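What follows is a single structure, written as structure tokens, with notes after it.
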Amino acid sequence: MIRLTNVSKSFDGGRTFAVNNVSLTIEKGETLVVLGSSGSGKSTILRMINRLLEPTSGCIELDGQNVEDYPIVQLRRSFGYVFQGIGLFPHMTVSENIAVVLRLLKQSIDAQRQRVNELLELVGLDPGIYATRYPAELSGGQQQRVGVARALAANPDYLLMDEPFGALDTVNRDELQQEILRLKKELNKTILFITHDIFEALRLCDRLAVMHHGELVQIGTGDELVHQPKNVFVRDLFQNAVRQVTSFAESLG
Ligand code: ADP
Ligand code: MG
């Protein structure tokens, strides 16, 4: 479980707040999607959880313990990360990229190879074809799958995903979203997933947190947010989305 209590972050000595007094809990096994436009404070929340940034005030706990009390290596190893343009090492093969953490953990070569094959299967890439390829020899969607495999390598309980599919075309995005839904069921990870795409958010979330100008506007199930919006901002957000879908459907005749 990840819990934020009254967390704020200012980058300018308290003049403005990138994150303003946010409290929320990500329950064990839950996928919480944080939805908000660019600059609303989503990435800042994620970076405070893994301590790439320190909050200006407030408290962040992982499994009931303040993240500041964990040795930083242990804290970071609790999380698997997937970011947009995941940054696979270009000079390493797919298999070497996925095994990076396993090497750090000093696993035997055999154990590494077995785990890499298992992970490639898990994310829908045939190890016989892809293990020895270099990132440049993969499509964007395939690279992102390798990114997911790498994040899962050391079997972390938590996945932190910051707009991981942002750079992908619709088809690849759709496939990877399906993949995440499958992995969610299969692996029972606790996932924090950040996106600015309302449809992606509704599709993947157990619960959804809407951010706006650093503030948490509303948190709840997709159904609650659509049908019981707390204010005009949330109502308009979802109404506009519904309108988009409707007009798209109409354009198809
Ligand atoms: P999002 O991920 O929702 O697009 P961010 O959390 O990255 O938004 O940023 C929230 C706000 O904080 C933005 O106004 C951004 O410019 C600012 N910000 C983020 N990181 C830094 C930083 N390292 N230094 C100064 N300002 C920052
Ligand atoms: Mg961001």
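The values are calculated or read from the model by the stated rules, or taken from the named source; none is laboratory data. Since the model is a prediction, treat every value here as computed from it, not as a measurement. Reconstructed Cβ throughout: ideal geometry from the backbone, glycine too, with neighbour counts over all protein chains shown. Note: areas computed on protein heavy atoms with side chains; ligands, DNA, RNA excluded. Shrake-Rupley method; radii C 1.70, N 1.55, O 1.52, S 1.80 Å.
Worth pointing out:
- Of the residues making up the range 220-233, those that are out of contact with any Leu (no Cβ under 6 Å at 6 or more places or on another chain) and open to solvent by less than 80 Å² (accessible area, probe 1.4 Å) are Gly220, Thr221, Glu224, Val226, Pro229, Asn231, Phe233.
- Once the range 188-207 is narrowed to residues that are open to solvent by 60 Å² or more (accessible area, probe 1.4 Å) and modelled with pLDDT under 95, the residue that is farthest from Val33 (Cα to Cα) is Asn188.
- Every residue from the range 20-36 that is within 12 Å of ligand 1 (Cβ to nearest atom) and over 22 Å from Asp206 (Cβ atoms): Asn20
- For the criterion of being at pLDDT 95 or above, outside the structural domain of Phe193 (by TED's automatic domain parsing) and not basic (Lys, Arg), Thr25 fails.
- Count - residues of the range 208-253 that are on the phi > 0 side of the Ramachandran plot and either of a type in the set (D, E, K, R) or modelled with pLDDT under 95 (or both): 1
- Cβ-Cβ distances below 7 Å connect the following pairs, each with a first residue in the range 131-155 that is of a type in the set (Ser, Thr, Tyr), a second residue that is surrounded by 17 or more Cβ atoms within 10 Å (Cβ to Cβ) and not in a helix (DSSP H, G or I), and a separation of six or more residues or different chains: Thr132/Thr93; Tyr134/Thr93.
- Near pairs, Cβ below 6 angstrom, 6+ apart or cross-chain, from the range 33-48 (in contact (Cβ under 8 Å) with a residue 60 or more places away in the chain) to any residue that is part of a loop (DSSP other than H, G, I, E, B) and more than 6 Å from ligand 1 (Cβ to nearest atom): Val33/Cys205; Ser37/His196; Gly41/Gly214
- When Gly58 is tested against (1) under 28 Å from Arg15 (Cβ atoms); (2) of a type outside the set (A, V, I, L, M); (3) away from ligand 2 (no atom under 16 Å from the Cβ); (4) touching an Asp or Glu at 6+ places or on another chain (Cβ under 7 Å), only condition (4) is not met.
- Whichever residue in the range 54-76 is closer than 15 Å to Ile2 by Cβ and touching a residue at least 40 places away in the same chain (Cβ under 8 Å) and, among such residues, is farthest from ligand 1 (Cβ to nearest atom): Gly64
- Any hit, the range 112-133, residues being β-branched (Val, Ile, Thr) and assigned to a strand (DSSP E or B): no
- The range 135-226 holds strands (runs of 3 or more DSSP E) entirely within its bounds, and those carrying 3 or more residues that are over 14 Å from the mean Cα position of the chain (by Cα) map to 207-212, 215-220.
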